[in-house]
Amino acid sequence: MFPPFPEEEAEQVCRDAIARLEAGTLLLEQRSAPSEERGNHGLMLGVLVCTDAAGKRVVLETFSGISRELRPAADSPADCIYVPPIVSPEAIAVALAKNDAEIHLLTEKIRNSPGTQALKEARRALTTESLAKVHALYSFHCADGKQRPLMEICRERSGGKLPPTGTGDCCGPKLLDYAFSHNLQPRSMCEVFYGEASSRHIQGERCPPCDERCGIVLPAMLGLEILYRDKDIIVVNKQSGVLSVPGRGPDKQDCIVNRVRRLFPQCIAQPAVHRLDMETSGLLVLAFTKEAHRELCRQFEAGEVRKQYIALLDGVLAQKGIPTHGQTELFFRLDVEHRPHQIWDAEHGKKAITEWQVLGVERYHAPDGGIRNATRVLFTPHTGRTHQLRLASADSHGFGVPIIGDSLYGRCNPGERLMLHARYLSFSHPADGRRMEFSCPSAF
């Protein structure tokens, strides 16, 4: 995954820590037996540079895993804190104790009788039970001040599927959990490899947070899935159900804009240059500086930004005689009596131009267990009107087939979301002009 914070300052602290480890003034203490699969392999050294409420610099250091911890052998820097694992090795050992002996016994039987499927199934059930007990121990302090259990995060991101072993033991989650639980503002974060060189890594090599574990936990902790970030812009994958910009009233202040500003205090007050409907997921670019904001807004207004969306429509377009490819030009305006609905108005409405490509017909499995036909469509909007794609789908002047989960122009049953995702975004970087392209697959 993309490093969520600038790395340079923290990287220098990592290199200083490696020098202290080599000099023996910083120790890597063994707390529990290393796992068999890791053996003496290297591990990740992580540093998070923060600022406390008084503006004082605070440095957090840790290693990945739970078997080893940092301990100073001599005076450590005054601003340095060594972060322990979120869950101790002792607590994990207790969680594993119940099934451990039986799992080892089954493993021995399988080794002697490798073709016995029943033994393998029994072992798999016990290991799954043990893994679930371990995961239930993990809970993470988040940027919004809340604490979220790992299993709750997995339910939201992967339908409750158990994450890989060791999820929560990487440097990133440990460092950010400590920072958020102590009211520290992250400033720079970096991980480097420490240990004997291998075909994958060399000592001191900078490594981003891992996709398989950190990719599950960090977006939930940060409140953002960051796909790209530099000093001028940030690109995120907005989740369905979150506002792009603040709404009216205190209950509508949680949004992508305010989440970005919370993590990056240097951000301008109004970083949004475009928006997605609350129910729509996908790619969103925001500006950190006034200059970047001005240039990106110009590109959107000039039609220089290219966007593509994936949608799942509630029916079969071919049955209505709609071709597999085409372009619509529709005219809509705000229905002032029923905000935020838009209505057809050929005289006073604004033109909305939308290109579409039918990708196929598939069976949609609804949350209530129902199954029905749906059409997957690729939309390329050439204008940026409010609810443009939802209207192109649902309105009688368009397809007359709403997007599944559309609470405004169709129906949204319990447990459903709007099946509309911004999957592609392309624009010129506001500082240097290079063309930027981002793709993000839909969750449906």
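Couple of notes before you dig in:
- Area of His397 that stays accessible when all protein chains are in place (1.4 Å probe, Å², to 10): 90 Å²
- With protein chains left intact and a 1.4 Å probe, residues in segment 158-235 average 39 Å² of accessible area per residue.
- Length gained on full extension, Arg294 to Asn373: 24.1 nm, using 0.36 nm per residue less the C-alpha separation.
- With the cut-off at under 19 Å, measuring from each backbone N in segment 123-144 to a point 7 Å along the Cα-to-Cβ line of Leu105 picks out 123-131.
- In this structure, Ala54 and Glu362 have a Cβ-Cβ separation that, at R0 = 51 Å, corresponds to a calculated FRET efficiency of about 0.35.
- Backbone amide hydrogens, once placed in the peptide plane, bring Arg31 within less than 5 Å of Arg68, Glu69, excluding anything fewer than 5 places away on its chain.
- Exposure ranking of Asp211, Asp100 by accessible area [1.4 Å probe, largest first]: Asp211, Asp100
- Cα centroid of segment 372-406 to Cα centroid of segment 194-268, whole Å: 30 Å
- Scanning residues 5 or more positions from Ser139 or on other chains, those with amide H under 5 Å from its amide H are Leu150, with H placed 1.01 Å from N in the peptide plane.
- The listed residues Glu90, Glu355, Glu191, once ranked by accessible area (1.4 Å probe) with the largest placed first, stand as Glu90, Glu355, Glu191.
- Ligands, DNA and RNA aside, Cys267 has an accessible area near 10 Å² when probed at 1.4 Å.
- From helices alone, the chain scores -8000 deg cm²/dmol at 222 nm; the rule is -39500 (n - 2.57) for each run of n ≥ 4 DSSP H residues, then divide by the residue total.
- Whole-number percent relative contact order across the chain, with pairs defined as alpha carbons under 8 Å at least 6 apart: 13 percent
- Taking a straight Cα-Cα cut-off under 17 Å and skipping sequence neighbours fewer than 8 places away in the same chain, the aspartates and glutamates within cross-link reach of Lys120 are Asp100, Glu102, Glu108, Glu129.
- Accessible area expressed per residue, segment 302-381, with surrounding protein chains retained (probe 1.4 Å, Å²): 55 Å²
- Temperature 4 °C, viscosity 1.567 mPa s: under these conditions the Stokes-Einstein estimate for the chain, based on its Kirkwood radius over C-alpha pairs, is 52 µm² per second.
- Solvent-accessible area of Arg411 with every protein chain in place, 1.4 Å probe, in Å² to the nearest 10: 120 Å²
- At an R0 of 35 angstrom, the distance between the Cβ atoms of Ser32 and Glu205 translates into a FRET efficiency of 0.85.
- The simple spin-label model puts a point 7 Å past each Cα toward its Cβ; for Arg306 and Leu137 those points are separated by 5.0 nm.
- Annotation: extensible slack from Arg71 through Asn112 equals 10.4 nm (criterion: 0.36 nm per residue apart, minus Cα-Cα distance).
- Solvent-accessible area, 1.4 Å probe, carbon plus sulfur percent, for the chain: 51 percent
- Accessible area in the full protein assembly, largest first, 1.4 Å probe, for Glu156, Glu29: Glu156, Glu29
- Entries of Lys146/Lys174; Lys238/Lys320; Lys56/Lys174; Lys174/Lys252; Lys290/Lys350 with Cα pairs more than 26 Å apart: Lys238/Lys320; Lys174/Lys252; Lys290/Lys350
The values are calculated or read from the model by the stated rules, or taken from the named source; none is laboratory data. Since the model is a prediction, treat every value here as computed from it, not as a measurement. A quick note on method: Cβ atoms are made from the backbone with ideal geometry, for glycine too, and the neighbour counts reach across all protein chains shown. Accessible surface areas use protein heavy atoms only, side chains included; no ligands, DNA or RNA. Shrake-Rupley method; radii C 1.70, N 1.55, O 1.52, S 1.80 Å.
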